[in-house]
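Contents: one structure, followed by commentary.
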Amino acid sequence: MNATSAIIHGAVYGTIICVVILTGIAVAIWFERKFAGRMQSRLGPTMTGPVGLLQPFADVVKLLQKEDIVPRDADRGLFDLAPPLAAIASLGAAAVVPWSPKIIAADLDVGVVFVLAIGGLMVVPTFMAGWASNNKFALIGAMRAVAQSVSYGVPLVLATMVPVVLAGSLSVSGIVGWQAQHHWFALWPIIPGLPAFLLYYLAMLAESNRIPFDIPEAESELVAGITTEYTGAKFTLFYMAEYVHTMVGSAVASALFFGGWDGPFRPGLHWMVLKTLLIFASVYWVRWSLVRFRSDQLMALCWKRLTPIGLGLVFVAAAFVQFWPGGAR
Amino acid sequence: MEMSARVERAVMTMNEPQVVTVQYQSAVRGNVDPHLSIRHYDPEADMMLLHFGPQHPSTHGVFRMDLHLDGEIVVKATPYVGYLHRAVEKLCEKLSYVQQTPIVDKNDYVAPMTNEQALNMAFEKLLNVEVPRRARWMRTLFAELQRIASHLLALGTFSIDLGGALGGGSTLFIHTFRERELILDLFEEVTGMRFHYNTHTIGGQRHDLPAGFDKKVHAALDIIESRIPEYAKMTVDNAIFKDRTVGVGVLDGKLALELGITGPILRASGVDHDLRRDAPYSAYDELVPRVRVETAGDCYARTRVRFDEVTDSIALCRKAIDGMPEGPINGYKPIRQPTMAKATSGQVYVGIETPRGELGTFVVAGGDTPTSPHRLKIRSPSLHALAAIPYIMPGATVSDAVAILGSLDPIMGEVDR
């Protein structure tokens, strides 16, 4: 593939994947509302469209109609730049996710590193938003977000290193292909595999600011945290970025630990979407069941528990590859 | 460990002389309170002044705290009340004794039944009116049902404070509201109203229990009792919930007594005090309640006391409805006009145990007309609970500040009146 065709391939697939993911987010928001409604013995949206399916679109229209308020003492440039940057950073990781053997925007050799790097970039718009708002609640939220994202980046990297070591590849599609040929890492070897998935899952919740790790937003403490001063379209971008981040995180989890598009009877795309949505739904299950941690407890959990566990898992994975008969690739 | 070291530094900074720029107003009257001695923070002390409220999701209404923060640790907290003041006590001086019941319903809008009860008991004492036995049993039943409803709401809002309106907290909140709804339905059945009942009058009750009410009470109580293990799993037995509440906002029993704190907060601090048992009123001499006492004095103990009181109140309600005596429900002349109750002299104080503590009513008779009091003062438990904030909040984080405020369970309508 020469450079020109690679660019065209990336542009076409990238556009398609962005559009599909953003539409998927709308459906996911509807799903979450229904799901949360059932958990709370209520119905969720019912009035907009059949079974409330148009509710997310109504929300977006409502948000876009709102006045775009910028605080007088805000840092205007940073304030305006933060929301689109958040959307870009969260969508960027979707580029290397293989939705099927063929559907992948950019099949990078270092796909896993790319996902981690661009996911780690999310902290920049978050802090920009908190700083530029010139609001004390937003500043505390940004402070918490930086501490949390930087800390939880470590167990996240360690968890993703387990499939990398087991498959011997840094390419996401390479790891999925290896699992399709052999076995899913969440099932075998079960000792570094399944704990590594759980570790990844917790770190993903923290990176995408989901309960019980949503302390940067913490609306009962910090009003709305970093998004306190944002309204209208800019708030919509933050709101969307959060969902995209969770969705892409779930997709990466299903690719790294559950064999991605691998599965019988149905095309690979179906399996990939199904696995992603199951992980995505479990995020909501957790979200609507638990209360949140305090920030110092969050740090203690990360550095005292998850990081040592992650180091141990990488070590076990390496030992498995080296010494288990048939464990080596 | 790291956190406690940091707090020590912050508090030391606060006590350095150059920080104290202006003394608190109370110093003029000669009683300097060390916890309230800073009015403006010193910029060099590197503290942030955060106005927490009155428009804030977790202040349970319109309440404001000025938090001085070092990083995220509260160095000093100053509560401000008065945003919901409606001059109820002044209004009561203008209205006749009969007209005041629906006004005080709006004070503690989470437990209106006990508000009415406190007011009318004071008037009965002033006018020397005997309340028939059935009416006293009905008052006890309503008070205990109201206690269940109020504690359920307290549990739900506390979970929202801990878990957020868009998360696990709101799940529990809506579940407790679902059960609270059952009790409101019962009250609606009796009085025709869901919140502001106006059912207590001088000398007894306005509305008798409808036919088949006991079956409905039992059905509702059975449902609530069956859901209690579910709440326990989500709150008092939940690991994250315990992490957030155990050891947070510890209130010493002696300090609580000095501040005039009563009710579940006092009992959670190890003081065995409950007016229902210690100074029985209505039918509590016959239906003796079990008094729960915890010794820790932290947010968890306060939640635990309320949680256990729900179970106790269910048992008490069952006894009350099963043993409900027959007879008249009002021992005073029937209400024909608002000016029918008259008192020219005398002053009385009556305190009862509401879900939040001792709700007292002090009445001085002999106003402009004999039909209305000269002065009426309501002693509300929530106001005293908020007085603990400057003492128990320093050293906590912002997250803890929200938890502490939630565990005090203040109702601003009652605080400001």
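Derivation of every value follows stated rules applied to the coordinates shown; laboratory data play no part. From a predicted model like this one, the values you see are computed outputs, not experimental measurements. Ideal geometry is used to build each Cβ from the backbone, glycine not excepted, and the neighbour counts take in all protein chains shown.
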(request) Could you list all residues from segment B:188-204 that are free of Cβ contacts under 8 Å to residues at least 24 places away in the same chain, surrounded by fewer than 17 Cβ atoms within 10 Å (Cβ to Cβ) and over 21 Å from the mean Cα position of the chain (by Cα)? (result) B:Glu188, B:Gly192, B:Met193
(message) I'd like the full set of residues that are part of a loop (DSSP other than H, G, I, E, B), out of contact with any Phe, Trp or Tyr (no Cβ under 9 Å at 6 or more places or on another chain) and more than 23 Å from B:Gly331 (Cβ to Cβ), limited to segment B:164-210.
(response) B:Gly164
(request) At least 3 residues that are within 19 Å of the chain's Cα centre (by Cα), on the phi < 0 side of the Ramachandran plot and of a type in the set (S, T, N, Q) in each: list the helices (runs of 4 or more DSSP H) lying fully within segment A:121-221 that qualify. (result) A:136-167
(request) Give the residue that is farthest from A:Tyr200 (Cα to Cα), with candidates limited to residues of segment A:275-308 that are among the hydroxyl-bearing types (Ser, Thr, Tyr) and in a helix (DSSP H, G or I). (result) A:Ser295
(request) Report the residue count in segment B:332-365 for those that are surrounded by fewer than 17 Cβ atoms within 10 Å (Cβ to Cβ) and under 30 Å from B:Pro289 (Cβ atoms). (result) 2
(request) Give A:Lys304, A:Lys275 a once-over and let me know the one that is surrounded by fewer than 20 Cβ atoms within 10 Å (Cβ to Cβ) and out of contact with any Pro (no Cβ under 8 Å at 6 or more places or on another chain). (result) A:Lys304
(message) Residues to consider are A:Lys34, A:Lys62; find the one that is exposed (fewer than 12 other Cβ atoms within 10 Å of the Cβ) and of a type in the set (Lys, Arg).
(response) A:Lys62
(message) Tell me whether segment A:246-257 contains one or more residues that are within 14 Å of chain B (Cβ to nearest Cβ) and out of contact with any strand residue (DSSP E or B) (no Cβ under 9 Å at 6 or more places or on another chain).
(response) yes
(request) Looking for whichever is surrounded by fewer than 24 Cβ atoms within 10 Å (Cβ to Cβ), within 15 Å of B:Thr354 (Cβ to Cβ) and more than 14 Å from chain A (Cβ to nearest Cβ) here; the options are B:Leu408, B:Leu383. Which one fits? (result) B:Leu383
(message) Just the residues that are farther than 21 Å from A:Val286 by Cβ, within 14 Å of another protein chain (Cβ to nearest Cβ) and not charged (D, E, K, R), please, taken from segment A:33-71.
(response) A:Leu43
(message) Checking the conditions here, which among A:Ala74, A:Ala129, A:Ala105 is away from chain B (no Cβ under 14 Å), surrounded by fewer than 21 Cβ atoms within 10 Å (Cβ to Cβ), touching a residue at least 24 places away in the same chain (Cβ under 8 Å) and touching a helix residue (DSSP H, G or I) at 6+ places or on another chain (Cβ under 7 Å)?
(response) A:Ala74
(request) Taking only segment B:143-163 into account, find how many residues are β-branched (Val, Ile, Thr) and either without any contact (Cβ under 8 Å) to a residue 60 or more places away in the chain or touching a Phe, Trp or Tyr at 6+ places or on another chain (Cβ under 6 Å) (or both). (result) 1
(request) Could you please find all residues in segment B:396-411 being more than 9 Å from the chain's Cα centre (by Cα) and within 14 Å of B:Ser150 (Cα to Cα)? (result) B:Gly406, B:Ser407
(message) I'd like the full set of residues that are within 22 Å of A:Val244 (Cβ to Cβ) and of a type in the set (A, V, I, L, M), limited to segment A:32-51.
(response) A:Ala36
(message) If I filter segment B:50-93 down to residues being over 19 Å from the mean Cα position of the chain (by Cα) and β-branched (Val, Ile, Thr), which single residue comes out as nearest to the other protein chains (Cβ to nearest Cβ)?
(response) B:Ile73
(request) Return yes when A:Ser5 is loosely packed, with under 13 Cβ neighbours inside 10 Å, within 14 Å of chain B (Cβ to nearest Cβ) and either of a type in the set (Ser, Thr, Tyr) or in contact with a Pro (Cβ under 9 Å, 6 or more places away or on another chain) (or both) and no when it is not. (result) no
(request) Would you point out which residue out of B:Glu326, B:Glu309 is surrounded by fewer than 16 Cβ atoms within 10 Å (Cβ to Cβ) and not aromatic (Phe, Trp, Tyr)? (result) B:Glu326
(message) Let me confirm something: among A:Ala147, A:Ala93, A:Ala117, which residue is surrounded by 22 or more Cβ atoms within 10 Å (Cβ to Cβ) and either closer than 30 Å to A:Phe257 by Cβ or among the hydrophobic types (A, V, I, L, M, F, W, C) (or both)?
(response) A:Ala93
(message) Among the residues of segment A:229-241, are any under 20 Å from A:Ser173 (Cβ atoms), in contact (Cβ under 8 Å) with a residue 24 or more places away in the chain, away from chain B (no Cβ under 14 Å) and of a type outside the set (Gly, Ala, Ser)?
(response) no
(message) I'm trying to understand the selection: among the residues of segment B:171-200, which are among the polar types (S, T, N, Q) and within 14 Å of another protein chain (Cβ to nearest Cβ)?
(response) B:Thr171, B:Thr176
(message) Quick check on this structure: which one of B:Val363, B:Val310, B:Val348, B:Val415 is under 30 Å from A:Lys136 (Cβ atoms) and among the hydrophobic types (A, V, I, L, M, F, W, C)?
(response) B:Val415
(request) Quickly run through segment B:121-142 and pick out the residues that are assigned to a helix (DSSP H, G or I), in contact (Cβ under 8 Å) with a residue 60 or more places away in the chain and in contact with a Phe, Trp or Tyr (Cβ under 9 Å, 6 or more places away or on another chain). (result) B:Met121, B:Ala122, B:Phe123, B:Glu124, B:Lys125, B:Leu126, B:Leu127, B:Arg136, B:Arg139, B:Thr140
